[in-house]
């Protein structure tokens with residue numbers, strides 16, 4: 001979320017107290033000083049009163065001197081920029097950074113699910129209310145057609161392609177088997193929907209966008 005998105009949503013940045021991070025994502029490295037939407041381009045915090053919650057595994061990955069992103073398909077100069085920006089974010093967030101084990105609870109009442117591959121510490125978040133469950137799928141799926149119909153196809157920014165495809169396949173099965181609603185940030189508007197199957201198909205899921213959840217479609 002950036003300043004523009006905040007204006008549209010009519011949310012006040014100063015009132016936001018918790019920011020859950022799916023990862024210190026290799027894609028977000030492009031944003032330099034506005035990394036992860038948490039800072040303005042001049043380095044000023046967008047959420048001055050918020051704490052940032054990220055998995056322990058993710059922090060360890062980016063602070064490891066041996067991390068080089070050689071598993072991605074990014075050109076070497078870009079890899080260095082991404083690593084530099086991730087470390088910059090961690091430095092700027094000192095004192096407000098909170099870590100949790102992937103699969104644990106970042107805050108009470110919210111569960112995380114480990115989704116390694118894009119980065120080792122990537123997580124999704126599971127929210128429940130009134131007997132329904134919503135899962136935020138992070139960057140496990142990059143395209144609503146390719147990610148579902150060809151989950152074994154890699155994406156260029158996945159640092160561990162083999163792990164990412166295994167994570168993706170397992171995630172879709174879990175969502176489908178449990179009839180969970182999903183929030184998939186890279187899928188079509190409104191990005192909230194559920195998985196169903198085409199007529200005559202029982203193996204290849206499709207994304208059915210919409211806020212009205214109807215299990216079994």
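The values are calculated or read from the model by the stated rules, or taken from the named source; none is laboratory data. Keep in mind that this is a model prediction, so the values were computed, not measured. Cβ coordinates were reconstructed from backbone atoms using ideal geometry, including for glycine residues, and neighbour counts include every protein chain displayed.
Numbers below:
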item	result
Any hit, region 167-174, residues being within 19 Å of residue 121 (Cα to Cα), under 14 Å from the mean Cα position of the chain (by Cα), in a loop (DSSP other than H, G, I, E, B) and touching a residue at least 12 places away in the same chain (Cβ under 8 Å)	no
Residue 183 being free of Cβ contacts under 8 Å to residues at least 40 places away in the same chain, under 16 Å from the mean Cα position of the chain (by Cα) and closer than 25 Å to residue 105 by Cα	no
Residues of region 45-72 classified as surrounded by 15 or more Cβ atoms within 10 Å (Cβ to Cβ) and in contact (Cβ under 8 Å) with a residue 60 or more places away in the chain, total	9
Answer residue from region 135-159, given it is part of a loop (DSSP other than H, G, I, E, B) and in contact with a strand residue (DSSP E or B) (Cβ under 9 Å, 6 or more places away or on another chain) and is surrounded by the fewest Cβ atoms within 10 Å (Cβ to Cβ) among those	145
Scope region 76-128; condition part of a helix (DSSP H, G or I) and over 16 Å from residue 52 (Cβ atoms); matching residues	76, 77, 78, 79, 80, 81, 82, 83, 84
Filter result (at pLDDT 85 or above and assigned to a loop (DSSP other than H, G, I, E, B)) within region 179-203	179, 180, 184, 185, 186, 187, 191
Search result, residues across region 5-21 that are modelled with pLDDT under 75, closer than 26 Å to residue 55 by Cα and part of a loop (DSSP other than H, G, I, E, B)	11, 12
Condition check for residue 43: within 15 Å of the chain's Cα centre (by Cα) and either at pLDDT below 95 or not in a strand (DSSP E or B) (or both)	no
Sole residue being surrounded by fewer than 20 Cβ atoms within 10 Å (Cβ to Cβ) and touching a strand residue (DSSP E or B) at 6+ places or on another chain (Cβ under 6 Å), chosen from 91, 97	97
Residue count for region 46-68, restricted to those that are more than 18 Å from the chain's Cα centre (by Cα) and modelled with pLDDT of 90 or more	6
Residues being crowded, with 17+ Cβ neighbours inside 10 Å and touching a residue at least 60 places away in the same chain (Cβ under 8 Å) - total across region 73-88	2
Selection from region 128-150 of residues that are in contact with a helix residue (DSSP H, G or I) (Cβ under 9 Å, 6 or more places away or on another chain) and either under 18 Å from residue 109 (Cα atoms) or at pLDDT 95 or above (or both)	133, 135, 137
